[in-house]
Amino acid sequence: AIVTLFTPGFSQLGDALVRFDVPPGGLGSVYCHSTPNSTGAQAQLTLGGSDSVVNNNLTLTCGDLPTQSFGYFLTGRVQASVPNAGGSQGTLCLGGAVGRGVGGGAQNSGATGSVAVNVDLMALPSPTGPVVALAGETWSFQYWYRDANPTVTSNLSPGVAVTLH
């Protein structure tokens, strides 16, 4: 969905102050888009739960994936745009110190073509070991998964960022 905020008394798109993509879950914002996978659709990444560090109740859900496909969630504090990263057909939306395996290790999309995990904000993965998220930090997430489009490769979901409180 696209959310547009207006100044009071204005109602036309040209008068918009802020316009940004919001994933269907309503939490966070999409900053990097995905490419179609072997299903013909683009993977969709949504954040749910709470953006409060104290609540530690953030969830990630990725849908519109190929069925029975393995992948894992990535996270980091630096946003980037790296097309065809690691031979993938998608774009890696994270840079800097990228952590992998958010919510556990590899996930399988099963018969539904979706995966979901709880994010432990007290132990976000990083290359040097788990780190604690702090209020005020912006963390970005993405899902990297196996695909066959048309040959065996990998693909990535959109990048979604959330500022924690």
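The values are calculated or read from the model by the stated rules, or taken from the named source; none is laboratory data. Please read all numbers here as calculations on a predicted model, not as lab measurements. Note that each Cβ is placed from the backbone with ideal geometry, even for glycine, and that neighbours are counted across all protein chains shown. For accessibility, only protein heavy atoms count, side chains too; no ligands or nucleic acids. Shrake-Rupley method; radii C 1.70, N 1.55, O 1.52, S 1.80 Å.
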Legend entry - Total residues in the stretch 105-120, condition in contact (Cβ under 8 Å) with a residue 60 or more places away in the chain and either of a type outside the set (D, E, K, R) or not in a loop (DSSP other than H, G, I, E, B) (or both): 3
Legend entry - Of all residues in the stretch 136-165 being closer than 21 Å to Ser69 by Cα and among the aromatic types (Phe, Trp, Tyr), the one that is nearest to the chain's Cα centre (by Cα): Phe141
Legend entry - All positions within the stretch 141-162 that are within 16 Å of Gly48 (Cβ to Cβ) and of a type in the set (Ser, Thr, Tyr): Tyr143, Ser157
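Results for (1) at pLDDT below 95; (2) among the acidic types (Asp, Glu); (3) not in a strand (DSSP E or B), shown as yes or no for each residue.
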position: Ser81; (1), (2), (3): no, no, no
position: Gly103; (1), (2), (3): yes, no, yes
position: Met122; (1), (2), (3): no, no, yes
position: Pro127; (1), (2), (3): no, no, yes
position: Phe141; (1), (2), (3): no, no, no
Inset, instruction - Sort out which residues of the stretch 107-119 are in contact with a Gly (Cβ under 9 Å, 6 or more places away or on another chain) and open to solvent by 70 Å² or more (accessible area, probe 1.4 Å), and write them in order of number. - result: Thr112, Asn118
Inset, instruction - Determine whether the stretch 41-48 contains at least one residue that is surrounded by fewer than 22 Cβ atoms within 10 Å (Cβ to Cβ), free of Cβ contacts under 8 Å to residues at least 60 places away in the same chain and of a type in the set (Gly, Ala, Ser). - result: yes
Inset, instruction - Name, by its number, the condition in (1) at pLDDT 95 or above; (2) surrounded by 16 or more Cβ atoms within 10 Å (Cβ to Cβ); (3) part of a strand (DSSP E or B) that does not hold for Thr153. - result: (1)
Legend entry - Selection within the stretch 36-47 - outside any loop (DSSP other than H, G, I, E, B) and within 11 Å of the chain's Cα centre (by Cα): Gln44, Leu45, Thr46, Leu47
Legend entry - Subset of the stretch 120-146 (residues that are open to solvent by less than 10 Å² (accessible area, probe 1.4 Å) and of a type outside the set (Phe, Trp, Tyr)): Leu121, Leu124, Ala133, Ser140, Gln142
Inset, instruction - Give the number of residues within the stretch 64-91 that are closer than 13 Å to Ser34 by Cβ and of a type in the set (Phe, Trp, Tyr). - result: 0
Legend entry - the stretch 42-67: number of residues that are over 16 Å from Ser154 (Cβ atoms) and hydrophobic (A, V, I, L, M, F, W, C): 5
